[in-house]
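No lab work stands behind these numbers, since they all come straight from the coordinates. Just so it is clear, the model here is predicted, and its values are computed rather than measured. Here the Cβ positions follow ideal geometry from the backbone for every residue, glycine too, while neighbour counts run over all protein chains shown.
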Amino acid sequence: MTTPDDVGAAPAVTRRGLAIHAGLFLACCATTAWSGGPYFAAALMGILLCHELGHYVIGRRRGVEVSLPYFIPMPPVITLGTLGAVIRMGKPISDRNALFDVGAAGPIAGLIVAIPLLVVGLSLSSLGPISPGEMIEGNSILYALLKYAVFGRWLPSGGIDVQLHPMAFAGWVGLLITMINLMPIGQLDGGHVARAALGDAHERWSARLHVALPLIGLAIGGVMFARAWSSGRGVLEAVVYAHNGVVPWLVWAVLLAWMRRQAGEYHPPVGETPLDPWRRRYAIAMLVIFLLIATPVPFRPAL
C-alpha cells in the first residue's frame, strides 16, 4: 500500500534507513514464521515483498519520490505475524496515468506470485473431514475455481474440505490482502486506481462506499444468522456465528476512517487529464480482479 500524504516527504535512502527497512522485514519474517511456520513465512513474505516492490519499481520509473517498504510486524500466534507493509511518497501524484500505474503495480505483482504459490500449495494439501466448530477460510470465485481445478470438486462440500498446506494458506492470505487493498476507497491501492479513473469525483464515491462497508457487513451477518438459525442453532449461537461476517467489514471501515482522519480527505486531488484508453481498459480489469478475489467472510466456524 502507498501512503502519499500522511507523513511528509519520503526519506532519502541512508545506511540507517536501509537498516530500518531490513530490520522490519526480518522481524516480519520471524513473526510470520512463528505464526505459521517456515513455508508459510517464506511464501507470505515473498508475496508481500513483490507487492511492495511493484509499487516501488514503477514509482521510481514514473519519477515518483517513493520510499522502500516499511514492513509491519505483529505479535505471532494471535495474528498472522504481520499487517503487511506501506510505502511513503514524498508528495501526492497529480498525473492520473502515473497514479494508476503506481496503484495497480502492487496488486498485480503480488498476484503474479500469490496465485502460483496457492496452486502449488493446494497440490501439496489433502482433503479431510470438517470438524464441528473448525475455522474455515472463506471462498472467493478464484479460490473456489483453483480448488476445483486441483481436486476436481467444489469445496467445502459433503463435510469435506481441503486441509491447507502452509504454502497454500499463505497464497490464500495473499489473495485476501490483495482484495482488501483493491477496495476502491481512499488511499488503498484500489482507491488510487479508482481516483485515476474517475478523477476528483472519486471523493464522493469513496465516502459512499465507506458508509456501505458496515452495511455490507450487517447484511452478510444477517444471512449468516439465518443460516445458523435454520440449522438448529439457538439465538446466541447464531449471533456468535454471524459476527464472523460483520466484524471484518467494521474493522476495514474503522481503519479507512483513521486513514482519512490522518489525511483530511479520502485522496488528494488529481489533474483533469483523463486516463489514456488502454489504462481505462486496465482499470476495468482491476475491478474484475477485485470481484474474482472478493472474500465476503474471511473466516467462519463450521456449523
I need two numbers for the range 124-219: Rg to one decimal and Dmax as a whole number, Cα atoms only, in Å.
17.4, 51
Using helices alone, what [θ] at 222 nm do you get for the chain, with -39,500 (n - 2.57) per DSSP H run of 4 or more residues, divided over all residues and rounded to the nearest 500?
-21000 deg cm²/dmol
Please give, to one decimal in nm, the separation of the simple spin-label points placed at Val254 and Ala144, each 7 Å out from Cα toward the Cβ.
3.0 nm
Cα-based Rg / Dmax (Å) for the chain
19.8, 62
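Subtracting the Cα-Cα distance from 0.36 nm times the residue separation, let me have the gained length for Tyr70 to Lys91 in nm, one decimal. It would help to have the intermediate numbers written out before the result.
Numbers: separation 21, 0.36 × 21 = 7.56 nm, distance 1.73 nm.
In short, 5.8 nm is gained.
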Before anything else, pin down the relative contact order of the chain: Cα pairs under 8 Å, at least 6 apart, normalised by residue count, whole percent.
22 percent
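If each residue of separation counts as 0.36 nm, what is the full-extension length gain between Ser126 and Val211 once their alpha-carbon separation is subtracted? Write down the numbers at each step before the final one.
Numbers: separation 85, 0.36 × 85 = 30.60 nm, distance 4.04 nm.
So the extension gain works out to 26.6 nm.
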Most mobile of Trp278, Trp252, Trp172 in a GNM of the chain (Cα contacts under 10 Å)
Trp278
Evaluate E = 1/(1 + (r/R0)^6) for Trp229 and Leu26, where r is the Cβ-Cβ distance and R0 equals 45 Å; express this FRET efficiency to the nearest 0.05.
0.40
